[in-house]
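J.: First the structure, then my questions, so here it is.
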Ligand code: MN
């Protein structure tokens, strides 16, 4: 059964002025949609078609014969996760258990922000910067291209897409400015708190 691209959790223009409706239109409507279309075309008629997206990612990860399926499946998953990591009127500092755990594991919220900014800025070429839970420790990691931490023992809590298509129309080459704006104005800490609660079970 064909995988359906989940709806955006907000309107195209809901993240303005930080991310424009034009960027969201291309990013969700063209880039993300293309991964979904390619994924469906690649698995059509195969046993993988009966699995969930998460099951396909787990099954084909590391399989050199199925790199195309992995790349499109992982990008389909990463993007839906990313849309949920952003919210109008987001940003600020997390409270509750996640906020306390960030201070415990990074030293302070400011130090966490610096690590996330650094990971996002230094990911060479396309990829993603993530907050993950590994064992009982929160960590900042970066992945290249379609790679996703969920194929390892790391559980994703938050991500920032640092492919150029995520920011070029609004920020051109200024990736650090895009990342700083996402962190300060758009991160959806309620979504992250839910991911953290589920991950530590
Ligand atoms: Mn993207």
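Derivation of every value follows stated rules applied to the coordinates shown; laboratory data play no part. The shown structure was predicted, so the numbers you read here are calculated from the model rather than taken from an experiment. All Cβ positions, even for glycine, are placed from backbone atoms using ideal geometry, and neighbour counts span all protein chains on display.
J.: Volume per residue, Å³, of the convex hull around the alpha-carbon atoms of the range 1-110? Please report the intermediate quantities before stating the final value.
T.: Details: hull volume 15.5 nm³, N = 110.
Cα-based convex hull of the range 1-110, divided per residue, equals 141 Å³.
J.: Rg over Rh of the range 96-199, using C-alpha atoms and the Kirkwood radius, what does it come to?
T.: Numbers: Rg = 13.2 Å, Rh = 13.9 Å.
Reported Rg/Rh (Cα atoms, Kirkwood Rh): 0.95.
J.: Could I ask something else about it? Per residue of the chain, what 222 nm ellipticity follows from adding -39500 (n - 2.57) for every DSSP H run with n ≥ 4, rounded to the nearest 500?
T.: Values: 9 runs with 91 residues, N = 201.
That calculation yields -13500 deg cm²/dmol at 222 nm.
J.: Now for a different question. Can you tell me the orientation of helix 67-85 relative to the chain, as the angle in degrees between its alpha-carbon axis and the longest Cα principal axis, to the nearest 10?
T.: 40
J.: Let me ask another. Angle check, please: helix 33-43 long axis (alpha carbons) against the longest principal axis of the chain (alpha carbons), in degrees 0 to 90, nearest 10.
T.: That helix lies at roughly 40 degrees to the long axis.
J.: In addition: Compute the long axis of helix 96-106 from its Cα atoms, compare it with the longest principal axis of the Cα atoms of the chain, and write down the angle in degrees, 0 to 90, nearest 10.
T.: The angle comes out near 80 degrees.
J.: Another one. Determine the principal axes of the Cα atoms in the range 21-85, then give the extent along each, sorted from largest to smallest and rounded to whole angstroms.
T.: Reported extents, whole Å, longest axis first: 37, 22, 21.
J.: Now a separate question. Restricting everything to alpha-carbon atoms, can you work out Rg to Rh for the chain with a Kirkwood hydrodynamic radius? Spell out each step's value before the answer.
T.: Details: Rg = 16.5 Å, Rh = 17.3 Å.
A ratio of 0.96.
J.: Measuring from label point to label point, each 7 Å out along Cα→Cβ, what is the residue 11 to residue 108 span in nm?
T.: 3.9
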